[in-house]
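First the structure, in the form of structure tokens, and then the observations on it.
The values are calculated or read from the model by the stated rules, or taken from the named source; none is laboratory data. What you see is a predicted model, and the numbers here were worked out from it, not measured in a lab. Cβ: placed from backbone, ideal geometry, glycine included. Neighbour counts: every protein chain shown. Remember, those area values only see protein heavy atoms, side chains included, never the ligands or the DNA or RNA. Shrake-Rupley method; radii C 1.70, N 1.55, O 1.52, S 1.80 Å.
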Amino acid sequence: MAGRLHITTLGCQMNEYDSGRMADLLRSESGLETTADPEQADVLLLNTCSVREKAQEKVFSLLGRWRRLKQRRPDLVIGVGGCVASQEGEAILQRAPFVDLVFGPQTIHRLPGMIEQLRASGRAQVDVSFPEIEKFDRLPEPRVAGAAAFVSIMEGCSRFCSYCIVPFTRGAEISRPFAQVLAEVEGLLDGGVREVTLLGQNVNAWRGALPGGGHGDLATLIRHLARLNGLERLRFTTSHPLEFGDALIDAYAEVPQLADYLHLPVQSGSDRILALMQRGYTRLEYRHKVRRLRAVRPQLSLSSDFIVGFPGETEADFRQTLELIAEVGFDQSFSFVYSARPGTPAANLPDVVPRELALERLARLQERVDGQARTISAAMVGSVQRVLVERPARRNPRQLAGRTSNMRWVNFDGPAGLVHRFVDVHITEALPNSLRGRLVA
Ligand code: SAH
Ligand code: SF4
Ligand code: F3S
């Protein structure tokens, strides 16, 4: 079966990774070439997210659009995967009967077979089971696109924060074995990748089987990967503060490839709210980890996720979050208004914060973090930064755009031949969302 495949991806980097693997698989097994244009596609896949209500609503509005495409071309195949699919299963078909495939985050490797069965039987196919780690054994080597790549090293999450749907949609934590991760990273490096981001919802809980028996932790994995030829920069996300142990802190002291940027979501600065969230740490414990990280890596940029308007959050609780933001000096934040997820314990908590108030707090929080980010950017002016060139700049084709170790975009004049390479750039100017610089000869 030849034809074209379009994938729209919502949600986190793990979904992005999965979508990449789905494209690799359907290219090698079903001969489908990807297209960015849904109108050109024969197979349309939507990789969904249900972490907040808004993300979930997007799914059905997008599907409504795809339904109109299918009315014109009845042989179009429409599939829904990811976390909404995992949660809703068959129910997707009731709400959107024109959907042909429903697959979960752990069954993406079965897509070619599901499409075949659909074609043979004419009946919609649903498989949202959790066949453990099987998916990674059944996927082809990832195709390299660019010099930076994601590698999922585990699936699922077993933390059960009181507000979160992820443990229900993705299942329990399962780590990919050490040898498998190593092989995937080696393949990427052979293809020219220079920066790898290891992915997991609770990535620092990785405990991969070692070839000689036993299990290794994330710090062990990082030390091994850092020894591979060609791996110049290493990131990992998302970490949970509770399981961020000494070995990982030591890795920041000893492994220069680890980027000067760590996403370590704290969610709130109020101990009362942290307890209601069942995060398992206090504000002081969080600060303590940060202090030790900064002791070994003074220039480390920290980013966090925040939930504002969690049930029961008072102005005093919120102020503690603002205080913590100042104390830690967060460089970036992904902040969200609390969204009640059906079936999670927090959905039954009293004292719902009015939406207006939550939105106001969100704006105040973002303003604070943005201000701190500007200060950090301004302090970078005059320094020389190692930049991974990702592409020609959008506005000016004679310029290149790349990213610093602390995740800032830098634009500078340079030849296209430098794309996908590491270069040194002298930072000359800090703008609100990027930096400008000059290539160091
Ligand atoms: N595993 C990661 C986060 C995954 S979800 C971690 O623990 O940090 C990404 C972010 O979405 C979370 O950090 C949280 O800030 C936000 N989030 C999760 N559930 C939410 C909900 N019900 N309402 C609002 N934001 C939520
Ligand atoms: Fe959700 Fe908590 Fe797991 Fe993150 S650690 S995915 S917030 S349950
Ligand atoms: Fe969303 Fe699922 Fe990722 S709920 S954030 S796509 S794990």
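Any chance you could list the semi-axes, whole Å, largest first, of the equivalent ellipsoid that the Cα gyration tensor gives for the stretch 225-362, using √(5λ)?
Working from the Cα gyration tensor, I get semi-axes of 31, 15, 13 Å.
Rounded to two decimals, what is Rg over Rh for the stretch 120-173 when you use alpha-carbon atoms and the Kirkwood radius?
1.08
Express in % the proportion of alpha carbon pairs of the stretch 1-44 at distances exceeding 12 Å.
Summing the P(r) of the stretch 1-44 above 12 Å gives 55 percent of all pairs.
Tell me, what is a quarter of the convex hull surface for the C-alpha atoms of the stretch 67-135, in nm² with one decimal?
Projected over every direction and averaged, the Cα hull of the stretch 67-135 covers 4.5 nm².
Taking square-rooted eigenvalues a ≥ b ≥ c of the alpha carbon gyration tensor, is the stretch 126-275 rounded, prolate or oblate, where a/c under 1.5 means rounded and, failing that, a/b exceeding b/c means prolate?
It is oblate, given that a/c is not under 1.5 and a/b is not larger than b/c.
If I histogram all Cα-Cα distances within the stretch 285-441 using bins 10 Å wide from 0, what percent of pairs lands in each bin?
Computed distribution, short to long bins: 10, 30, 27, 20, 11, 2, 0.
At a Förster distance of 35 Å, what's the computed FRET efficiency of residue 285 paired with residue 439, Cβ-Cβ distance as r, to 0.05?
0.20
If I take the Cα coordinates of the stretch 30-151 and project them onto the principal axes, what are the three extents in Å, biggest first?
Dimensions of the stretch 30-151 along the principal axes of its Cα atoms: 38, 31, 30 Å.
With the Cα gyration tensor of the stretch 187-249 giving a ≥ b ≥ c as the square roots of its eigenvalues, does the rule (a/c under 1.5 for rounded; else a/b larger than b/c for prolate; else oblate) give rounded, prolate or oblate?
Note, shape of the stretch 187-249 comes out oblate.
Please arrange 376, 78 by accessible surface area, largest first, computed with a 1.4 Å probe and ligands excluded.
Heavy-atom accessible area, descending, gives 376, 78.
Using the beta-carbon distance between residue 348 and residue 224 and R0 = 51 Å, what value does 1/(1 + (r/R0)^6) give for FRET efficiency, to the nearest 0.05?
Once the sixth-power term is evaluated, E becomes 0.70.
Compute, for the stretch 276-421, the length of the dipole vector about the Cα centre, with Cβ point charges of +1 (Lys, Arg) and -1 (Asp, Glu) only. Units Debye, rounded to 20.
Roughly 840 debye, rounded to the nearest 20.
Hey, got the Cα dimensions of the chain along the principal axes, in Å, largest first?
Extents along the principal axes: 62, 58, 51 Å.
Given the peptides 269-275, 321-327, arrange them by the average over their residues of other C-beta atoms within 10 Å, most packed first.
By packing density, highest mean first, the sequence is 269-275, 321-327.
Read phi for every residue in the stretch 397-409 and hand back ³J(HN,Hα) as whole Hz from Karplus 6.51 cos²θ - 1.76 cosθ + 1.60, θ = phi - 60°, with x for Gly and Pro.
Per-residue couplings from phi come out as x, 7, 9, 10, 10, x, 10, 7, 4, 8, 6, 9, 6 Hz.
Are there trypsin sites (Lys or Arg not before Pro) in the stretch 354-430 that DSSP puts in a loop and that have at most 13 other Cβ atoms within 10 Å, and which ones?
394, 395, 398
Which cysteines in the chain lack any other cysteine whose Cβ sits under 4.7 Å from their own Cβ?
12, 49, 83, 157
Roughly how many nanometres apart are two label points built 7 Å out from the Cα toward the Cβ at residue 394 and residue 315?
In this crude label model, residue 394 to residue 315 measures out at 3.9 nm.
Collect residues whose amide H, placed 1.01 Å from N in the peptide plane, falls under 5 Å from the amide H of residue 162; neighbours closer than 5 in sequence don't count.
278
Over the heavy atoms of residue 100, what accessible area does a 1.4 Å probe trace out, to the nearest 10 Å²?
The value for residue 100 is about 20 Å².
Could you grab the relative contact order for the chain? Cα pairs under 8 Å, six or more apart, rounded to a whole percent.
Result for the chain is 10 percent.
Can you tell me how the stretch 1-94 classifies by the Cα gyration tensor, rounded, prolate or oblate, using a/c under 1.5 as the rounded cut?
oblate
How far apart, in nm, are the 7 Å Cα→Cβ label points at residue 121 and residue 246?
5.5
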